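Please read the structure below before turning to the comments.
The values are calculated or read from the model by the stated rules, or taken from the named source; none is laboratory data. Computed from a prediction, not measured in an experiment: that's the story for all the values here. Methodologically, a virtual Cβ is constructed for each residue, glycine included, from the backbone with ideal geometry; neighbour enumeration extends over all protein chains shown.
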Amino acid sequence: MLIILAISLVVLIIIGMPLGFAIIISSMAAIFLGSDINPLMIPQRLFAGMDSFSLLAIPFFLLAGALMTAGGLSDRIIGFANALVGRFRGGLAISNVTASVFFGGISGSAVADTSAIGGTFIPAMSRLGYKPAYSVAVTACSAPMSPMIPPSIAWIIYGFLTDQSVLRLFLAGIIPGLFWAGAIIAVIIFQARRMDLPTYKAMSLCEIWGAFRHALTALLMPLIILAGILLGVFTVTEASAVAVIYALVVGTVIHRELTARAILRAVRQSIATTAVVMIIIGSANLFAWVLAYAKAPEQVAAWITTLTDNALGFLLLVNLMLLVLGTFMETNAAKVMVVPILFPIAVSLGVDPIHFGVIITANLCLGLITPPVGIVLALACRIGDIRLDEGVRAAWPFILASAGVVLILTLVPGLSLWLPNLLLD
């Protein structure tokens, strides 16, 4: 049964079938050809995978992010980041990273971050005198921190798959996300004088204050969401609906940049993305059920224990496996495939579930910029109109720094657990 499942899944992915459908068809093949399971279990498990109140947060957060972007909030964030750090050597590159931190709390998607930030920053950096490949590298390597910073769809999906607190996961992602940003900025500062990176125009305190006021409505959204959840005003799912209302009010009443056509476009975009995500989640539930029926987690656990019998060795093996997987799969799609297999093993070895979620997410985010595929790096290269090999050469220092961050997060659980333990325990 497992052989049929694995072969059919690999073949379907290779020929380019969307992951959700590939998982469903391979699971059906395993059920029909390798077992005597009643086929009625297929639609039951698919529906059960999507029948969760907590998953309502996904379409709402996606819509809120689309509305904020359509309403010009990303441009306000970019303006504030430039005003804040643009005056330093390499300041526009640092602004790029800073904007990704702010924007990550809105979109929660590395691909969305790359598209929105890259479309503005890559041409601007090139005009100021940065090499196009360097502009692409900075944009691509700062974008993967977006799924780490709340509110993020990545944490909602992991919480659903593992029955963990989404709020605790939100809090656990803050310090690792900022740590990642700090590592990228450190590389830029180190390279700034050696590469004679240009500076952006210096702004006065009044101009910085004006840029902050201009961007305040965008910066407040993630703070309002986290504060409301922490204070018990609303749940995570209710917070996602509040985020949509907030985005609509800000875009239509306060800034008046959100038109009816833009709202309709944001709704269509969110519906399409939600459909893809929900199909993947439903297929993941079927996939996990088939794996459990075939006792795959127990077999994988037995194989891993032949290689290592301690938590650290297991986590290092997971790092290597996820780094490879993340190079050609989107973070959330890869997560629904590996979490049902790896999570029970991690728990049995004494790994904290929240810490394991950070490791899973960080590794898959790193894979987004790792050759030979690196989805986000490839997207940034297209935006910057350069060859992928040029982008890879410029990105290597940032990739190594990011890999160092992932390794430190693996070895030091306190970076992930300190804030949620401080605020929730």
Pair list, Cβ under 6 Å, 6 or more apart: the range 354-377 residue assigned to a helix (DSSP H, G or I), other residue surrounded by fewer than 24 Cβ atoms within 10 Å (Cβ to Cβ) and of a type in the set (D, E, K, R): 354/168
All positions within the range 288-324 that are more than 30 Å from residue 57 (Cα to Cα), without any contact (Cβ under 8 Å) to a residue 24 or more places away in the chain and of a type in the set (A, V, I, L, M, F, W, C): 302, 303, 307, 317, 320
Per-region count, the range 3-24, residues in a helix (DSSP H, G or I) and exposed (fewer than 15 other Cβ atoms within 10 Å of the Cβ): 7
Hits in the range 47-78 (condition: over 17 Å from the mean Cα position of the chain (by Cα), closer than 27 Å to residue 286 by Cβ and in a helix (DSSP H, G or I)): 47, 48, 49, 50, 53, 54, 56
Residue tally, condition touching a residue at least 12 places away in the same chain (Cβ under 8 Å) and among the charged types (D, E, K, R), over the range 30-87: 4
Residues (modelled with pLDDT under 80 and either surrounded by 14 or more Cβ atoms within 10 Å (Cβ to Cβ) or not in a helix (DSSP H, G or I) (or both)) located in the range 299-321: 300, 301, 304, 305, 308, 309
Residue count for the range 378-425, restricted to those that are part of a loop (DSSP other than H, G, I, E, B), at pLDDT below 90 and among the hydrophobic types (A, V, I, L, M, F, W, C): 1
Any hit, the range 267-284, residues being under 25 Å from the mean Cα position of the chain (by Cα), surrounded by 13 or more Cβ atoms within 10 Å (Cβ to Cβ) and charged (D, E, K, R): no
Any hit, the range 329-352, residues being surrounded by fewer than 23 Cβ atoms within 10 Å (Cβ to Cβ), modelled with pLDDT of 75 or more, within 23 Å of the chain's Cα centre (by Cα) and charged (D, E, K, R): yes
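Could you say which residue among 275, 284 is within 23 Å of residue 153 (Cβ to Cβ), assigned to a helix (DSSP H, G or I), modelled with pLDDT under 75 and small (Gly, Ala, Ser)?
Values: 275 fails: modelled with pLDDT under 75.
Sole residue among the options that is within 23 Å of residue 153 (Cβ to Cβ), assigned to a helix (DSSP H, G or I), modelled with pLDDT under 75 and small (Gly, Ala, Ser): 284.
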Residue 58 being among the β-branched types (Val, Ile, Thr) and out of contact with any Gly (no Cβ under 6 Å at 6 or more places or on another chain): yes
Residue tally, condition of a type in the set (A, V, I, L, M) and farther than 17 Å from residue 180 by Cβ, over the range 369-402: 9
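Considering each residue of the range 271-287, count those that are within 30 Å of residue 32 (Cβ to Cβ) and either without any contact (Cβ under 8 Å) to a residue 60 or more places away in the chain or in contact with a Ser or Thr (Cβ under 9 Å, 6 or more places away or on another chain) (or both), and give that number.
Filtering the range 271-287 down to residues within 30 Å of residue 32 (Cβ to Cβ) leaves 274-287.
Then keep just the ones that are either without any contact (Cβ under 8 Å) to a residue 60 or more places away in the chain or in contact with a Ser or Thr (Cβ under 9 Å, 6 or more places away or on another chain) (or both); that gives 275, 281, 283, 286-287.
Count: 5.
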Residue 309 vs. criteria more than 21 Å from the chain's Cα centre (by Cα) and at positive phi: no
Members of the range 94-117 that are at pLDDT below 75, among the small types (Gly, Ala, Ser) and part of a helix (DSSP H, G or I): 104, 105, 107, 110, 112, 115, 116
